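*Asks:* Below are the structure tokens for one structure; questions will follow.
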Amino acid sequence: PIFVEDLVRGIEKVVHNKSAGVRIFNLGGKQAVSWKEFIGVLAAAMGRPVPRIEIPVCLCRSVASVLEGLGGMISTQPPLTHSMIHLMTRSYTYSIEKAEKTLGFNPSIGLVEGVARTVNWYRERHLI
């Protein structure tokens, strides 16, 4: 994950760096984070307990099939879909090495601080 301020700084580096040319750069945090770790950090930032129940993926897929079928019949977005399950059960780790070397990109806001700042932003606006 990447905090929005680091992302903006990374985009600015791409825009203002002539050697970047027309290349693709991955911008992200310094370390890979599992969904389980992310949920733990988010729960802590919100002052909530970490969910203790782990539901088997095969059960989630079955429930998603039913919900997607029902959602299609009543034209509404189901609360659980196969694409959501895919997103949360796969590893999405991308190297930022090219951005570091070419652009001098160096994300400075870690996961715990970034999540805490995000939660505070939502709280200040009474969105959570």
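*Asks:* Examine segment 7-19 for a residue that is open to solvent by 80 Å² or more (accessible area, probe 1.4 Å) and in a loop (DSSP other than H, G, I, E, B), and state whether such a residue exists.
*Replies:* Taking every residue of segment 7-19 in turn, none turns out to be open to solvent by 80 Å² or more (accessible area, probe 1.4 Å) and in a loop (DSSP other than H, G, I, E, B).
*Asks:* A further question follows. Kindly indicate whether any position in segment 34-41 is open to solvent by 80 Å² or more (accessible area, probe 1.4 Å), in a loop (DSSP other than H, G, I, E, B) and over 14 Å from F105 (Cα atoms).
*Replies:* No, the conditions are met nowhere in segment 34-41.
*Asks:* Something else now. So, in segment 87-128, exactly how many residues are under 15 Å from F3 (Cα atoms) and among the β-branched types (V, I, T)?
*Replies:* Number satisfying all stated conditions: 6.
*Asks:* Could you list all residues from segment 47-105 that are open to solvent by 80 Å² or more (accessible area, probe 1.4 Å) and touching a residue at least 12 places away in the same chain (Cβ under 8 Å)?
*Replies:* Answer for segment 47-105, where residues must be open to solvent by 80 Å² or more (accessible area, probe 1.4 Å) and touching a residue at least 12 places away in the same chain (Cβ under 8 Å): P51, R61, P79, M88, S91, T93, Y94, K98.
*Asks:* Could you check segment 77-105 and list, in sequence order, the residues that are among the polar types (S, T, N, Q), more than 19 Å from the chain's Cα centre (by Cα) and either modelled with pLDDT under 85 or closer than 30 Å to G10 by Cβ (or both)?
*Replies:* T102
The values are calculated or read from the model by the stated rules, or taken from the named source; none is laboratory data. Just so it is clear, the structure is predicted and the values come from calculations on it, not from any experiment. Cβ atoms come from the backbone with ideal geometry, glycine included; neighbour counts cover every protein chain shown. Heads up: the accessible areas ignore ligands, DNA and RNA and are worked out on the full protein's heavy atoms, side chains in. Shrake-Rupley method; radii C 1.70, N 1.55, O 1.52, S 1.80 Å.
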